[in-house]
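**Student:** Starting off with a structure, shown below.
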Amino acid sequence: MKKYLSMICCLGALLTAGCSDDKTGEEEGPTGEAKITAFGFKAENNPDYLVKDYTGTISGTAISVKVPADTDLSALVATFETADGESTVTVNGTTQVSGTTANDFSDPVDYLVSLGKKNALYTVTVSELPEAVWTKVTEWEQDANAVRLEIDQTDNLPCLAVTNENAVTFAKLNGNTITSETVVNRKGQYPGLGIDNSGQPYIFFYESKTLSGTVASKTGSVWAEVCNSIERTANQAGPTIAAIDGKVFVFTVNDNRSPSTRRRLIDVATYDGSSWTTSGDIPGRSITRGYWPIARTKNGTMYLFILNPVSPNSFSIYTYKNGTWSTFIEEYAYPSSEPGIEPATYHSFSLYCPDMVIDDDGNIYLGICYDYSPQVLKIDANTKEINRIGSAIPSPGNTAGRTCRIALSPLGKLYMAYRNSNDAKLLQVVSLDEKTKDWTAPVQISTDPVYDEFDCKFAADGTAYLAYYVLEEKTDGVVTTPSKICLYKLVTAE
């Protein structure tokens with residue numbers, strides 16, 4: 001019996017020892033996986049580099065993300081998710097915070113995911129999407145004497161103001177078609193189009209019968225004339241419309257001939273939300289004549305460009321901010337002779353259709369056809385130094401080479417549209433190569449001769465739109481090809 005009791009005591013001791021071993025042994029670690037489940041780059045975290053979100057593809061422990069060509073990869077901020085919220089993610093020993101930590105993705109980057117004693121190493125490779133290409137959106141059979149293009153920033157869609165012998169029309173892209181609305185059923189000329197931050201459109205048009213300019217706007221679904229007291233407008237009027245500080249500005253060239261007290265002066269019409277004032281002047285401007293005013297707004301400042309048909313031909317730029325006008329550049333003529341040569345000589349420029357864009361730093365880019373040669377000048381925001389960007393495009397002739405348009409992507413890539421020759425007048429687009437600092441090979445857009453009326457603008461989402469007008473063709477007095485407005489867009493492949 002004693003022997004039996006001894007055996008029971010030994011067994012109890014063994015069981016007790018076994019239980020003690022279980023309690024003092026290694027605790028189990030987290031039960032989740034050390035794993036990345038989502039990876040990409042969001043525009044909101046990379047405002048200087050991206051205008052859209054780009055999602056990566058995960059295959060095993062390899063992650064690939066494609067972003068637009070020419071994207072600066074030196075400091076991209078990644079957004080990622082892990083399978084377990086307790087995981088730690090590091091790159092070269094530096095803890096990574098999703099949506100916050102920046103890395104240089106010029107070469108593959110290794111992300112180490114750790115969960116307890118579990119580890120997984122992911123390699124992230126960032127490569128370029130195919131180059132963005134111009135594609136036709138639609139054609140719109142429409143007669144026009146002038147066309148203006150602007151972007152509605154509330155939905156990033158292109159809008160058009162069109163005038164002809166019978167009507168003034170507002171149009172907007174809807175899917176892959178253009179829908180139009182009649183503003184007035186009478187002849188209009190020299191249109192201007194502006195859209196404020198709320199998406200409210202304003203259209204200016206000149207009427208030869210009344211010798212006056214009118215501004216119409218849309219409230220709800222109804223277009224109404226809101227100002228019809230702008231004085232006679234010249235065909236070099238532009239004109240241009242901008243909205244800033246809760247006001248709408250319309251700039252035109254006065255063409256009064258009798259009396260001619262204001263002829264060729266820049267007229268400023270302003271709407272303050274309740275009433276219009278017209279025939280205003282630009283404070284500080286002393287030059288008596290001007291052509292082609294162009295107004296642009298950027299970061300709370302309005303920039304106004306004016307051509308001065310004086311000898312030598314020159315341009316001026318003014319700014320408006322917080323209710324105050326300032327002179328940025330006054331009567332600058334672009335020299336054609338070498339510095340120090342007397343007498344100095346200057347390039348002559350076409351008085352047709354110049355263009356202006358502003359970058360985020362306040363630098364100004366001008367598209368001007370000097371000696372009928374399309375080219376771009378950059379004006380430094382701080383030093384006001386003026387230099388040509390890239391090479392001058394060889395002159396396509398004094399008719400084709402009198403118009404060019406420029407556009408700047410939200411990330412700062414510069415584009416220029418122009419026609420290739422006096423005979424063909426085919427529309428071409430070049431962009432500035434950041435590596436060579438010169439223009440790329442031209443991309444031909446149109447297959448038909450293009451009239452003076454063409455325009456190019458970027459939406460905030462990075463999509464560019466290009467509209468141009470093609471005249472009708474007749475054979476023996478019969479229309480064989482109707483006039484039309486063509487709309488193209490430039491989108492990076494997804």
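The values are calculated or read from the model by the stated rules, or taken from the named source; none is laboratory data. All values derive from a computational prediction rather than experimental measurement. Methodologically, a virtual Cβ is constructed for each residue, glycine included, from the backbone with ideal geometry; neighbour enumeration extends over all protein chains shown. Only protein heavy atoms, including side chains, enter the accessible area calculation; ligands, DNA and RNA are left aside. Shrake-Rupley method; radii C 1.70, N 1.55, O 1.52, S 1.80 Å.
Table: residues versus (1) of a type outside the set (Asp, Glu); (2) in a strand (DSSP E or B).
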{"position": "Ile58", "(1), (2)": "yes, yes"}
{"position": "Ile63", "(1), (2)": "yes, yes"}
{"position": "Ala69", "(1), (2)": "yes, no"}
{"position": "Leu73", "(1), (2)": "yes, no"}
{"position": "Val77", "(1), (2)": "yes, yes"}
{"position": "Glu81", "(1), (2)": "no, yes"}
{"position": "Glu86", "(1), (2)": "no, no"}
{"position": "Val89", "(1), (2)": "yes, yes"}
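**Student:** While we're on this one: I'd like the residue in the stretch 328-361 that is open to solvent by 60 Å² or more (accessible area, probe 1.4 Å), touching a residue at least 24 places away in the same chain (Cβ under 8 Å) and within 30 Å of Ala459 (Cα to Cα) and, out of all such residues, is nearest to the chain's Cα centre (by Cα).
**Tutor:** Ranking the qualifying residues of the stretch 328-361, first place goes to Asp360.
**Student:** So in the stretch 444-482, with the set limited to residues that are touching a residue at least 40 places away in the same chain (Cβ under 8 Å) and surrounded by fewer than 17 Cβ atoms within 10 Å (Cβ to Cβ), which one is nearest to Ala424 (Cα to Cα)?
**Tutor:** Ranking the candidates gives Asp452 first.
**Student:** Restricting attention to the stretch 152-184, report how many residues are of a type in the set (Gly, Ala, Ser), modelled with pLDDT of 95 or more and open to solvent by 10 Å² or more (accessible area, probe 1.4 Å).
**Tutor:** So the answer is 2.
To keep it simple, each residue is scored yes or no on (1) at pLDDT 95 or above; (2) closer than 30 Å to Ser409 by Cβ; (3) touching a Pro at 6+ places or on another chain (Cβ under 7 Å).
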residue	(1), (2), (3)
Ser6	no, no, no
Leu15	no, no, no
Asp22	no, no, no
Pro30	no, no, no
Ile36	yes, no, no
Thr57	yes, yes, no
Ala75	yes, yes, no
Gly99	yes, yes, no
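**Student:** Pairs needed: first member in the stretch 274-294, under 18 Å from Arg232 (Cβ atoms); second member anywhere, open to solvent by 20 Å² or more (accessible area, probe 1.4 Å) and among the small types (Gly, Ala, Ser); C-beta distance under 8 Å; at least 6 residues apart or different chains.
**Tutor:** Trp276/Ser229; Thr278/Ser229
**Student:** Please list, ordered by first then second residue, the pairs with beta carbon atoms under 9 Å, 6 or more apart or interchain, first in the stretch 125-139 and in a strand (DSSP E or B), second of a type in the set (Gly, Ala, Ser) and surrounded by 14 or more Cβ atoms within 10 Å (Cβ to Cβ).
**Tutor:** Qualifying pairs under 9 Å: Thr125/Ser64; Val126/Gly56; Val126/Ser64; Ser127/Ser64; Glu128/Ala69; Trp134/Ala464.
**Student:** Condition test on Ala146, is it small (Gly, Ala, Ser) and within 30 Å of Gly238 (Cα to Cα)?
**Tutor:** Considered against the rule, which asks whether it is small (Gly, Ala, Ser) and within 30 Å of Gly238 (Cα to Cα), Ala146 comes out as yes.
**Student:** Are any of the residues in the stretch 234-256 hydroxyl-bearing (Ser, Thr, Tyr) and without any contact (Cβ under 8 Å) to a residue 12 or more places away in the chain?
**Tutor:** no
**Student:** Next up: For Leu427, are the conditions met, namely being open to solvent by less than 20 Å² (accessible area, probe 1.4 Å), aliphatic (A, V, I, L, M) and within 26 Å of Thr492 (Cα to Cα)?
**Tutor:** Considered against the rule, which asks whether it is open to solvent by less than 20 Å² (accessible area, probe 1.4 Å), aliphatic (A, V, I, L, M) and within 26 Å of Thr492 (Cα to Cα), Leu427 comes out as yes.
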